[in-house]
Every structure is written in structure tokens, then in C-alpha cells.
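Step one of this worksheet: look at the structure below.
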Amino acid sequence: MESKPTMTTSNLVLPKKPTGLKRFAMKLLEQRVLVLMSIPFLAWLFIFKYMPLWGWTIAFQDYKPAKSFGEQKWVGFDHFQFLFQDERFIRVLRNTLAMSGINLVLGFVTAITLALLLNEVRKVAFKRIVQTVSYLPHFISWVVAASIIQTTLSPDGIINEMLLWFGFLEKGEEILFLGIPEYFWGIFGAGSVWKDVGWNTIVYLAAMTMIDPAQYEAAEMDGAGRIKRMWYVTLPGIKPVIIVLLIMNIGYLLESGFEPQYLLGNGMNIDYSENLDIFVLKYGIAQGNYSLSIAGGMFKTIISFILLFAANNLAKRMGESRLF
């Protein structure tokens, strides 16, 4: 009896997969619809985000608008040297880092805490009211928000009235809060929290919906109360989102904002309210010193870039979630 031929793994030849450029071209062809859809965005990105980088050359020139590019005088790193020797720049750099740090810590702590509390609310109507009330300030422009803060903190504002009511102040001892420089960072932090805390909770609440309800049931069966469920189930569940947002915010440490500092700042608190963006506007663009303003902006961008990659690399080394 003749035995039937059998196919063994030794004589089975698998087709060779394409690699390198050929594989890239095949993927491109397969996803040609998506590639075509992304072309307008890439064109916008190149024109408005990368082409302006050519303007960084102004930071190395004694730029005069009336002269052509070839007629400009090149001064090397003179503007950067001037920046780091200027006491005003050191002061605004300190203010920028302080306000960004306050905003980063308060923003994360308050948003995560509010999201955890909202996640535990079982009364849907109450939860929606709290969310709506906390989201609303985000849609108010900083012009209106600054007016509200100034009115609240004025000598005849509600804060002074409450201090008088509780007996912490006597009549005639009202405090002009925005006139005390050391108070400005705290006022900025509190104002930023009031304006954005509700909006910032959206991401965390969305992340919490992805946590498996079976984990809460298991924790409850083990006797865990609400605090322990938040600590051992909810927080670990949203940890990747917290890490990614933290990395992104570290990249913005030199971006403390412009509108709140500009609108709430005055001659009395200028030593604590001016930041890098206001410095670039006042001492660069407003005085026609475009090279100095470009040098300041370039410094901020490069440091932000370094901070972003450093934070991402640190997260990678620690085995945490990361951007790339």
C-alpha cells in the first residue's frame, strides 16, 4: 500500500515579507485615502508652524525692518548674552517658572480631586449641576474673568466684606490684594483653578469610564470603602492619563500664559506679575527691538522642547506611559 505524500514544516516555504522602503511604499498605497486626507493638515502645519522658524535668524541679527535679509548686520549670540545679563529677564523668568509651577500643581491636584468626587456621586441631577457650574468659567474670556477677580479683591469687594464680617479686619483696614506684589502668584493660581478646574476634569472623568466595573465590585466584596476604592482602583486606572498629561504640561513650564498676567498686573505688582510673554511684548516688540523678542521666544521654545523630551524619557525609564 502506497503511503500518501505529506507536507512537513521543513519543505514549507513562507513568502518573504517586504522590508524597508518597499514595505513603507506598500503601506502608503494601502492607506492612500488616509494619506490624502492628511495632506491639508500637513500643508497647514508646514506653512504656519515650520516655515516661520526661518524668522529665528533675526535673533542673530541687529534686525532693521527697512533692510533686506542680505543687508542685515549679524551679531551672533549678542542678544542672548544681553538677555541672560538683564535683571528684568531673570526676574520674569523666575515669575514664569513660579506661576507655571503653581498652575501645574494646583491644576492637577484640584482637577483629579474633583473628578474623583464626581465619579462617586450617584445622584445624576446633582452631578450634572456641579459639572455645569464648574465648566462655565472656562467659557468666560480672561477679560471678563479678570474684571470679576479685580472686583472681588477690591477694598469694597466681597473678600474684604467677609473679612470685616468675621472680625479679621477693622473698618478702614481693607486690603488692596492686587496692590501687594507677594500675593499675585496666589491670586493667579486661585483664579486659574476657578476658571479651568471643571474643564480639566473632563479628561479624567472620560478615563474613569474605561475602568472595568468588576474591579469596583471585587474591591467592595473585599470590604473596601469609597476612599479605598478611589485609591486602589480609580487612581491606578487613570494613572496612564495622568502621566501623559503631566509630560505635556511639563513641556509648557515656560508658557505660564499672557492674558491673566497682563490684565491683573499693575504698577504695584509688576515685580511678580510680569512673565516671559509680557517681557517679549514690552521690551521687544513695543520698543522695535525685534531681535531681542525673537531671542526670548526662541529661548522659551528650545527649553520647552528639552523639558518635553526629558519628561518623556524619564517616564520611559520608569516604565510609565509616555507620549512617544
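The values are calculated or read from the model by the stated rules, or taken from the named source; none is laboratory data. The structure displayed is predicted, hence computed values, not measured ones. Note: ideal-geometry Cβ built from the backbone for every residue, glycine included; neighbour counts use all protein chains shown. For the accessible areas, the whole protein counts, side chains as well, though only heavy atoms, and no ligand, DNA or RNA atoms are used. Shrake-Rupley method; radii C 1.70, N 1.55, O 1.52, S 1.80 Å.
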Exercise for review: Please pull out the direction-averaged projected area of segment 244-301, using the convex hull of its alpha-carbon atoms, in nm² to one decimal place.
Suggested key: 4.5 nm²
Review point. Dipole magnitude of segment 221-296 about its Cα centre, charges +1 at Lys/Arg Cβ and -1 at Asp/Glu Cβ only, in debye to the nearest 20?
Key: 500 debye
Review point. Between Glu30 and Ile303, what FRET efficiency follows from the Cβ-Cβ distance if R0 is 56 Å, with the result rounded to 0.05?
Key: 0.90
Review point. Which helices, counted as full DSSP H runs in the chain, have an axial Cα extent of no less than 20 Å and a Kyte-Doolittle average of 1.0 or above?
Key: 87-120, 235-250
Check your understanding: Where does the chain land at 222 nm, in deg cm²/dmol rounded to the nearest 500, when only DSSP H runs of n ≥ 4 count, each adding -39500 (n - 2.57), divided by all residues?
Key -> -19000 deg cm²/dmol
**Study point:** Relative contact order %, segment 181-324, counting alpha carbon pairs below 8 Å whose residues are six or more apart
**Key:** 29 percent
Point to revise | Furthest towards positive pole of dipole, Tyr262, Gly297, Leu307, structure part segment 253-324, Cβ charges | key: Leu307
**Study point:** Unit charges on C-beta of K, R, D, E only; dipole of the chain, Debye
**Key:** 1780 debye
**Study point:** Heavy-atom accessible area per residue - the chain, 1.4 Å, Å²
**Key:** 66 Å²
Review point. For the chain, what's the relative contact order in percent, using C-alpha pairs closer than 8 Å and at least 6 residues apart?
Key: 25 percent
Check your understanding: Relative contact order (percent) for segment 43-151, with alpha-carbon contacts under 8 angstrom and 6 or more residues of separation?
Key -> 11 percent
Study note, to complete from the structure: Here the FRET efficiency for Phe77 versus Asn266, based on Cβ atoms and R0 = 45 Å and rounded to 0.05, is 0.85
Exercise for review: Report the full-extension gain for the segment Trp165 to Lys123: residue separation times 0.36 nm, less the Cα-Cα distance, to one decimal in nm.
Suggested key: 11.7 nm
Point to revise | For Gln61, distant residues with modelled amide H under 5 Å away | key: Val75
Check your understanding: Expressed as a whole number of Å, what is the distance separating the alpha-carbon centroids of segment 13-92 and segment 175-210?
Key -> 33 Å
**Study point:** Protection proxy ranking of 155-162, 76-83, 277-284 - average other beta-carbon atoms within 10 Å, highest first
**Key:** 277-284, 76-83, 155-162
Practice item. Using a 1.4 Å probe and ignoring any ligands, DNA or RNA, find the accessible area of Ile187 and quote it in Å² to the nearest 10. Key: 20 Å²
Review point. Given a Förster radius of 41 Å and the C-beta distance between Ile39 and Ser141 as r, what FRET efficiency does 1/(1 + (r/R0)^6) yield to the nearest 0.05?
Key: 0.75
Review point. Which residue, Leu34, Leu106, Leu117, tops the fluctuation ranking in a GNM of the chain built on C-alpha contacts under 10 Å?
Key: Leu34
Exercise for review: Quantify, in whole percent, the carbon and sulfur part of the accessible surface of the chain (1.4 Å probe; protein heavy atoms only).
Suggested key: 67 percent
Revision key, fill the gap. Restricting to lysines and to Cα separations under 26 Å from Lys27, and discarding same-chain partners fewer than 8 apart, the set is Lys16, Lys17
Check your understanding: Just Glu71, Glu30, Glu120 to compare: in a GNM of the chain, with alpha carbon springs under 10 Å, which one fluctuates most?
Key -> Glu30
Point to revise | Gap separating the Cα centres of segment 95-123 and segment 244-299, nearest whole Å | key: 23 Å
